[in-house]
Amino acid sequence: MDELSDRAGRLGLSGVPVFVFQEGHDPVAERAFREIARLSKGAWFRFDSRSAAELGRLLSAVAVYATGGLKALSDRNRPEDRRMLEHLRGGKDR
């Protein structure tokens, strides 16, 4: 995990957030994914097999963020955008 943490931290310092979408409930994977998201200033989300529509909406929010940053997410102001903003600002589920 040390090497992954180092790389995630470097990505964060370079302004490249990592967005992690985890299916299932593996606690070891969850701990690692949450840390990667935190260190890179990205976001971690859990999904199950019924989450395809939600994943699509969140990927749309990632695309908005990638092209316009936090302001674009705030301006668009959809539920998925607000959820992404919470994660990016270090709030819920982090």
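The values are calculated or read from the model by the stated rules, or taken from the named source; none is laboratory data. Everything quoted here is computed from the prediction, not taken from an experiment. Don't worry about glycine lacking a Cβ; one is built from the backbone with ideal geometry, like all the others, and counts go over all protein chains shown.
Anything in region 47-94 that is hydroxyl-bearing (Ser, Thr, Tyr) and modelled with pLDDT of 90 or more? List them, or say none.
Ser60, Tyr65, Thr67, Ser74
Looking at region 21-37 only, could you name the residues that are touching a Gly at 6+ places or on another chain (Cβ under 9 Å) and modelled with pLDDT under 95?
Across region 21-37, there are no qualifying residues.
Looking at region 44-59, can you tell me whether even one residue there is touching a residue at least 60 places away in the same chain (Cβ under 8 Å) and either loosely packed, with under 13 Cβ neighbours inside 10 Å or under 20 Å from Ala8 (Cα atoms) (or both)?
no
Can you tell me which residues in region 60-94 are charged (D, E, K, R), farther than 22 Å from Glu35 by Cα and in contact (Cβ under 8 Å) with a residue 12 or more places away in the chain?
If the condition is that a residue be charged (D, E, K, R), farther than 22 Å from Glu35 by Cα and in contact (Cβ under 8 Å) with a residue 12 or more places away in the chain, then Arg76, Arg78 are the ones that fit.
Looking only at region 4-22, which residues are among the hydrophobic types (A, V, I, L, M, F, W, C), part of a helix (DSSP H, G or I) and either under 21 Å from Arg57 (Cα atoms) or touching a helix residue (DSSP H, G or I) at 6+ places or on another chain (Cβ under 7 Å) (or both)?
Leu4, Ala8, Leu11
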